[in-house]
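What follows is one structure encoded as structure tokens, with my remarks underneath.
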Amino acid sequence: MGEVIKVSMADLKVCKYPDSLTTLGLGSCVGVALYDKTTKVTGLAHIMLPDSTAIKNNSNIAKFADTGIVETVRLMVELGAVKSRIVAKIAGGANMFQYASSETNSALRVGDHNVAACKKKLAELGIPLLAEDTGLNYGRTVVIRSEDGVFTIKSIGKPLKEI
């Protein structure tokens, strides 16, 4: 077992076997785990917001779905991954406010918007989304292993989930 590399909020990292990547406290944020099983090159982006073009202070490309996923793929390819072999799994995107499910409060449903933006960008890049654990109203901590691409999701009061 290698090193467990921490990915902070609005951050992204890549690694190779035997290391793994983790990010803590995904609420409305989405953890996008990317994996090339042949090279065992792995990437994880902690996406905070859906669209970099909607914000003036958008210099942190890891923060946004539209730029963070592209940069993670770029770094993975630089490390030896082949783009056509990369697959994705996502977790997070919770609606952390009780009233966020109301149609009239669309702006408060950041989790839903983040999930939709991540799925859209993955589709644009031709990266298959193999599994997800998204939505609802609770936070998640995730780990992706470079050994086999298993994405482990931990949540308080919930059983451990592997996708």
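The values are calculated or read from the model by the stated rules, or taken from the named source; none is laboratory data. Since we're looking at a predicted model, the values are computed, not measured. All Cβ positions, even for glycine, are placed from backbone atoms using ideal geometry, and neighbour counts span all protein chains on display. Only protein heavy atoms, including side chains, enter the accessible area calculation; ligands, DNA and RNA are left aside. Shrake-Rupley method; radii C 1.70, N 1.55, O 1.52, S 1.80 Å.
What the table below lists for this structure:
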quantity	calculated
Candidate set from the range 32-52 (those that are touching a Leu at 6+ places or on another chain (Cβ under 6 Å) and either part of a loop (DSSP other than H, G, I, E, B) or among the small types (G, A, S) (or both)); member that is surrounded by the most Cβ atoms within 10 Å (Cβ to Cβ)	A45
The range 148-163 - residue that is without any contact (Cβ under 8 Å) to a residue 12 or more places away in the chain and open to solvent by 80 Å² or more (accessible area, probe 1.4 Å) and, of those, farthest from L34 (Cα to Cα)	P159
Total residues in the range 118-147, condition in contact with a Gly (Cβ under 7 Å, 6 or more places away or on another chain) and open to solvent by less than 20 Å² (accessible area, probe 1.4 Å)	3
Qualifying residue in the range 53-65 (condition: in a helix (DSSP H, G or I), closer than 22 Å to G25 by Cβ, open to solvent by 40 Å² or more (accessible area, probe 1.4 Å) and at pLDDT 95 or above)	yes
Residue match in the range 39-57 (condition: more than 21 Å from T134 (Cβ to Cβ), in contact (Cβ under 8 Å) with a residue 40 or more places away in the chain, touching a strand residue (DSSP E or B) at 6+ places or on another chain (Cβ under 9 Å) and not aliphatic (A, V, I, L, M))	yes
Set M96, M1: member being over 19 Å from L129 (Cα atoms) and either open to solvent by less than 40 Å² (accessible area, probe 1.4 Å) or touching a helix residue (DSSP H, G or I) at 6+ places or on another chain (Cβ under 8 Å) (or both)	M96
Odd one out for A123, checked against (1) closer than 18 Å to A10 by Cα; (2) part of a helix (DSSP H, G or I); (3) modelled with pLDDT of 95 or more	(1)
Cβ-Cβ under 9 Å pairs, at least 6 apart or on other chains, the range 4-31 side assigned to a strand (DSSP E or B) and modelled with pLDDT under 95, far side open to solvent by 40 Å² or more (accessible area, probe 1.4 Å) and not basic (K, R)	G25/M9
Tabulated pairs, the range 129-147, first closer than 26 Å to R85 by Cα and in a strand (DSSP E or B), second of a type outside the set (A, V, I, L, M) and at pLDDT below 95, C-beta under 7 angstrom, 6+ apart or interchain	T141/G25
Test set (1) open to solvent by 40 Å² or more (accessible area, probe 1.4 Å); (2) under 30 Å from Y17 (Cα atoms) - A88 fails condition number	(1)
